[in-house]
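The values are calculated or read from the model by the stated rules, or taken from the named source; none is laboratory data. On a predicted model such as this, the values are computed, not experimentally measured, just so you know. Here Cβ is always computed from backbone atoms with ideal geometry, including for glycine, and neighbour counts include all displayed protein chains. Just so you know, the surface numbers come from the protein's heavy atoms only, side chains and all, with ligands and any DNA or RNA stripped out. Shrake-Rupley method; radii C 1.70, N 1.55, O 1.52, S 1.80 Å.
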Amino acid sequence: MYIIDAHLDLAMNAMEWNRDLRNPVAELRVREKGMTDKPDRSRNTVSLPALREAKAGLVVATQIARYVRKGSALPGWNSPEQAWAQSQAQIAWYQTMVDAGEMLQITDTESLEKQIKTWEDHSVPDHGKPIGFILSLEGADSLVKISYLEKAYAYGLRALGPAHYGEGRYAGGSGTEAGFNVSGKSLLKEMDSLHMILDITHLTDQGFKEALDIYKGPIWASHHNCRALVNNQRQLTDDQIRVLIERGAVIGGAMDAWMLTDGWIRGVSLPKAMGASLNRLIDHYDHICQIAGNANHIAIGSDLDGAFGTEQSPFDLDTIADLQKLPDLLSQRGYEKSDVKQIMHGNWLRFLKSAWK
Ligand SMILES: [Zn+2]
């Protein structure tokens, strides 16, 4: 059964971690042996061959580049212009992967349906199929001015999460309390006029409320779990989940271990000792299904290799190919076959078809 994963920072891995994602995960790990510049070296879980093994025929792939003010504790670029240039390096990488036949950009219903057919065709082996990707921007800092959104739309940007971690140029992100500023509200209106998908992941509670009021178009939460299970502002409250369900949103379950199990201490806790398994993700799924009364609003938004590796991923996942363990795990937890299909790809597919109709 093919998978849609709605959150992968593929180009960030290529351009900032210097990973040639055409290689198998094992080879990338060998290449990084002994490197200490990032905490997740040699522990990566994602590559294009591993995505094919995962049957991830379609992913939402990000551009991501933060702007930071002098004195910020977060890593980032010192000007929006530099952040934009970094995001353009990332789009250039995606384009070279398209040229190489490794990936295929999906921007509308027609290209979407064609790509789904490719992955549903079992007469062709998966290892020869391109990974389809929908381009999303995580954090809007790199949009130097709002007019840059139109440039980005022209090269295929279809979704945008206005914030990431920290104070953003348009809206406050995780770890802050701020909502949208004046430009942020104009950005939302501009997105609306382009019929883009608004990703509410990483907005603050204030930002969430404002976005739901202002935005008229399709909304998803690309990589997001439940605050009732892991109490942190980065997660969704039950009320927020209810509002999202009413708006027809789909919530992608994230696999960053600290978002799965309560009490995680970054850099100290270990997945196995904390019981961070794929089954913990299903606890979050269950919680959302209880609120919704169905399994129509949960899906995959793994965020694997989003600046963390196996040290902070479910312990029963070695590479992203192990997402194929989910159908059995879901069945064991009582999910019907039709629900499993919805979770693996059907819910994202329904959402996209409705957003782009
Ligand atoms: Zn994120």
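Being in contact (Cβ under 8 Å) with a residue 12 or more places away in the chain and open to solvent by 40 Å² or more (accessible area, probe 1.4 Å) holds for only one residue in 96, 118, and it is 118. Looking only at the stretch 186-205, residues that are within 18 Å of residue 172 (Cα to Cα), away from the ligand (no atom under 16 Å from the Cβ) and not aliphatic (A, V, I, L, M) come to 3 in all. Look at (1) open to solvent by 40 Å² or more (accessible area, probe 1.4 Å); (2) within 24 Å of residue 357 (Cα to Cα) and you find that residue 112 fails only one, number (1). Please work out if residue 257 is among the aliphatic types (A, V, I, L, M), surrounded by 17 or more Cβ atoms within 10 Å (Cβ to Cβ) and at pLDDT 95 or above. Yes, satisfied. Listed by position, the helices (runs of 4 or more DSSP H) enclosed by the stretch 180-249 that each have at least 1 residues that are polar (S, T, N, Q) and under 20 Å from residue 148 (Cβ atoms) are 182-193.
Hey, can you tell me all the residues within the stretch 142-165 that are touching a residue at least 40 places away in the same chain (Cβ under 8 Å), under 30 Å from residue 232 (Cα atoms) and open to solvent by less than 10 Å² (accessible area, probe 1.4 Å)? Answer for the stretch 142-165, where residues must be touching a residue at least 40 places away in the same chain (Cβ under 8 Å), under 30 Å from residue 232 (Cα atoms) and open to solvent by less than 10 Å² (accessible area, probe 1.4 Å): 142, 143, 157, 159, 161, 162, 163. In the stretch 2-17, the residue that is least open to solvent (accessible area, probe 1.4 Å) out of those that are among the charged types (D, E, K, R) and more than 11 Å from the ligand (Cβ to nearest atom) is 5.
In the stretch 220-250, the residue that is surrounded by the fewest Cβ atoms within 10 Å (Cβ to Cβ) out of those that are under 17 Å from residue 162 (Cβ atoms) and away from the ligand (no atom under 16 Å from the Cβ) is 247.
Of the helices (runs of 4 or more DSSP H) lying entirely inside the stretch 261-357, those containing at least 1 residues that are within 21 Å of residue 56 (Cα to Cα) and open to solvent by 40 Å² or more (accessible area, probe 1.4 Å) are 278-292, 326-332, 337-341, 347-356.
Taking the listed residues 52, 29, 43, the one that is outside any loop (DSSP other than H, G, I, E, B), more than 16 Å from the ligand (Cβ to nearest atom) and within 21 Å of residue 300 (Cβ to Cβ) is 52, with no other qualifying. In the stretch 27-57, of all residues being under 30 Å from residue 117 (Cα atoms) and of a type in the set (A, V, I, L, M), the one that is surrounded by the fewest Cβ atoms within 10 Å (Cβ to Cβ) corresponds to 48. Here residue 20 fulfils each of the conditions (1) assigned to a loop (DSSP other than H, G, I, E, B); (2) in contact (Cβ under 8 Å) with a residue 24 or more places away in the chain; (3) open to solvent by 50 Å² or more (accessible area, probe 1.4 Å); (4) among the acidic types (Asp, Glu) apart from (2).
Annotation: of all residues in the stretch 283-303 being within 16 Å of the ligand (Cβ to nearest atom) and aliphatic (A, V, I, L, M), the one that is farthest from residue 350 (Cα to Cα) is 300. For residue 182, all conditions in the list (1) among the hydrophobic types (A, V, I, L, M, F, W, C); (2) free of Cβ contacts under 8 Å to residues at least 24 places away in the same chain; (3) within 30 Å of residue 278 (Cβ to Cβ) hold save one; what is the number of the exception? It is condition (3) that residue 182 fails.
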